[in-house]
Amino acid sequence: MNTILAAKDLCKTYVVNKREQTVLNNVSLQIKPGEFVSVMGPSGSGKSTLLYNISGMDKMTSGSVVFKGTELADLSEKEMSVLRLHKMGFVFQQINLLKNLGIIDNIVVSAYMAKNGSRKEINQFARELMARTGISELADNDITQASGGQLQRAAICRALINKPDIIFGDEPTGALNSKSANEIMEIFRDINESGTTIMLVTHDVKVAAKTERVLFMIDGRIEGDYYLGKLQAANNDNIEREQKLLQWLLEMGW
Ligand SMILES: Nc1ncnc2c1ncn2[C@@H]1O[C@H](COP(=O)(O)OP(=O)(O)OP(=O)(O)O)[C@@H](O)[C@H]1O
Ligand SMILES: [Mg+2]
């Protein structure tokens, strides 16, 4: 099967106060290039841990994660960070922009690190991304001079600046009001349509219903894998998809 990312028997164990806690319990999953996947499940079920382990941000305890043909467990920390810098983008609930840099500087910094073109080319691409996400006018602003929704758009630009193959989001709409959340999901849909694979953790049925496939985690395992199909642009009224998803989540014991 054509996969961009495949996890097999992925386990993650934390030791807290000498007690072992298994947070990921033999998780196996495959993501195809271009898929738009969300991960749902109760708090503490291991969603963030899954995201961090399949993206190499955290080190798995055992098992295998293959990303574009590379086994992550075989990489040194340095090799892993180079792979992440060039091929993966991250968007979090807490926006994590650097306070002492302006918005455009926050967006370009990882492209400078990756030496992805000349500074002029990088700045031009950053401005294209800002136009695409509707924040052109903020380029020279300080990050204190923007709303939460605008900052999340900037964070998405930052995640896209090195043209990653995959974007990981950990509750990227979690801190936003529903209007901003909808707008951010529209941007993700557009990014996905242009070919980037996306995997988002969310608690929000409305958000998950806009993705193509929903994984459901309980107690460190993937207990369900539901295919909704791609959301079409014209299909902005999401009610039917939300109802189908909700029905499935209830059957899963949500
Ligand atoms: N660094 C850590 N050290 C010890 N335990 C941890 C660590 N990170 C997470 N855990 C534990 O692992 C379990 C899963 O945490 P995780 O953050 O992956 O859950 P989640 O599904 O993302 O929850 P939420 O929806 O609340 O964000 C929790 O019991 C948590 O306490
Ligand atoms: Mg989490």
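Quick test of your reading of the structure: K59 fulfils all but one of (1) part of a strand (DSSP E or B); (2) of a type outside the set (A, V, I, L, M); (3) farther than 24 Å from T202 by Cβ. Name the failing condition by number.
It fails just one condition, (1).
Being within 16 Å of ligand 1 (Cβ to nearest atom), closer than 15 Å to I95 by Cβ and either aliphatic (A, V, I, L, M) or surrounded by fewer than 20 Cβ atoms within 10 Å (Cβ to Cβ) (or both): is that true of A175 here?
Judged against the criteria, A175 is a match.
State the number of residues belonging to segment 107-147 that are polar (S, T, N, Q), farther than 20 Å from L176 by Cα and touching a residue at least 12 places away in the same chain (Cβ under 8 Å).
Result for segment 107-147: 4.
Using beta carbons and a limit of 9 Å, which pairs, at least six apart or on different chains, have the first residue in segment 72-92 and without any contact (Cβ under 8 Å) to a residue 40 or more places away in the chain and the second one crowded, with 16+ Cβ neighbours inside 10 Å and of a type in the set (S, T, N, Q)?
Between residues of segment 72-92 that are without any contact (Cβ under 8 Å) to a residue 40 or more places away in the chain and residues that are crowded, with 16+ Cβ neighbours inside 10 Å and of a type in the set (S, T, N, Q), the close pairs are L72/N53; L72/S55; R84/S55.
How about segment 23-43: which of its residues are part of a strand (DSSP E or B) and within 16 Å of ligand 1 (Cβ to nearest atom)?
V23, L24, N25, N26, V27, L29, V37, S38, V39, M40
What is the number of the single condition among (1) within 19 Å of the chain's Cα centre (by Cα); (2) touching a residue at least 60 places away in the same chain (Cβ under 8 Å) that I187 does not meet?
The one condition I187 does not meet is (2).
Checking the structure you have, find out if any residue of segment 44-62 is closer than 30 Å to M252 by Cβ, surrounded by 17 or more Cβ atoms within 10 Å (Cβ to Cβ) and away from ligand 1 (no atom under 16 Å from the Cβ).
No, every residue in segment 44-62 fails to be closer than 30 Å to M252 by Cβ, surrounded by 17 or more Cβ atoms within 10 Å (Cβ to Cβ) and away from ligand 1 (no atom under 16 Å from the Cβ).
Throughout, read-outs are computed from the coordinates displayed, never taken from laboratory work. These numbers were taken from a predicted model, which means no experiment stands behind them. Methodologically, a virtual Cβ is constructed for each residue, glycine included, from the backbone with ideal geometry; neighbour enumeration extends over all protein chains shown.
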